[in-house]
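Below is one structure, written out as structure tokens, with a few remarks after it.
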Amino acid sequence: VVTLVVYFGEIATKTVGDLADLSNVSFPSFVAPLSTLFTWDSMIIILPVSIIVALVGLIESLLTLSVLDEMGGERGSGNKECIALGVGNSTSGLFGGMAGCAMIGQSVINFTSGGLGRLSSFTAAVLLIILVVSFSGVIAAIPVAVLVGIMFMVSIGTFEFSSVKRLKHMPKSDAFVLITVTIITVLEDLAVAVIAGIIISALVFAWEHAKIFARTSTDAEGKKVYELDGPLFFASVTSFNEQFDVENDPSEVIIDFKKARVMDSSGAEAIDGLTEKYKQAGKKLTLRHLSEDCKGMLKTAGPFCSYEEDDPTYKVAANV
């Protein structure tokens, strides 16, 4: 309706035809790849861009699949989606076409309109190429404002407004990641946003798990027992060292790692350092429930380890 009003009313506004020349659009034909594309100089230019485009396409397609799975109560095949996307884009490139991927907005509208099978996607593709080839003049007359309005309506229809309400109840770290990824997606692109989100989430995970706790008790023989709970790795070394009172501890101390786990070489080095402190203080130290792999990584604390039947069997990540 708006297009007709603009056309017959001769209203001066920017149209699709002003953005792109659609006068010579024809059915695509096979285009053989140029041999110059396979040179090293060309690959240096092509590969970075192609990798980003591929990541964006894969991520958005898998996100779309996840949304549709949730709406339909079924589970699609991510592997098939990725393979189909690669084959389709490779074939499209041989005919001079641009790369594409699944779109959340269009897919949700298609789903809610009852298009649940392959026929709906096939019909959409056929109609799209017919419109572009045979009715390019009509498309060129569509005002850009109309397309903007359509995209706004698609965004409103696909945006999950309940997620805004959940911001108040979700952890601050999750809310920060959500907002950051959204902003980066708008300012940069989806690939950069996802990578940034993964890095931030990993840092948040490390920070939240960078704490180790110790419960203290005294056994019948008067020995002080530290029962550790939590992971011991590079981020929790400081917390680990803060649990012990070497100066005021009795002459015999037991550190029990039954509920703890040494994750990397930094944790093993922290145990060595603590052992050295007790040794310098002239106190007897016993380390219990360390895995065989962890004991093998200890440099000075090995002789202080006990060997029991219920010792754990986990592996420790070593520095390469």
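All of the numbers you see were taken from the coordinates with simple rules; none came from a lab. Quick caveat, the model's predicted, so the values are computed rather than measured.
Largest first and in whole Å, give the semi-axes of region 160-208's equivalent ellipsoid, each being the square root of 5 times a Cα gyration tensor eigenvalue.
Computed over region 160-208, the values are 18, 17, 6 Å.
Amide H of I142: which non-local residues (sequence gap of 5 or more, or other chain) have their own amide H closer than 5 Å, using H built in the peptide plane?
Here V16, G17 satisfy the definition.
What is the diffusion coefficient of the chain in µm²/s, taking the Kirkwood radius over Cα pairs and the Stokes-Einstein relation at 25 °C with a viscosity of 0.890 mPa s?
In µm²/s, the coefficient is 94.
With just the Cα atoms defining each centre, how far is region 8-51 from region 285-320? Give it in Å.
If you average the Cα positions of each part, the centres end up 62 Å apart.
Considering every Cα-Cα pair within region 13-154, what fraction, in whole percent, is farther apart than 19 Å?
Result: 65 percent of Cα pairs exceed 19 Å.
Give the Rg (one decimal place) followed by the Dmax (whole number) of region 213-304, computed from C-alpha coordinates and expressed in Å.
Spelled out, the Cα radius of gyration and Dmax of region 213-304 are 12.1, 35 Å.
Between region 125-180 and region 229-259, what is the C-alpha centre distance in whole Å?
Region 125-180 and region 229-259 have Cα centres spaced 53 Å from each other.
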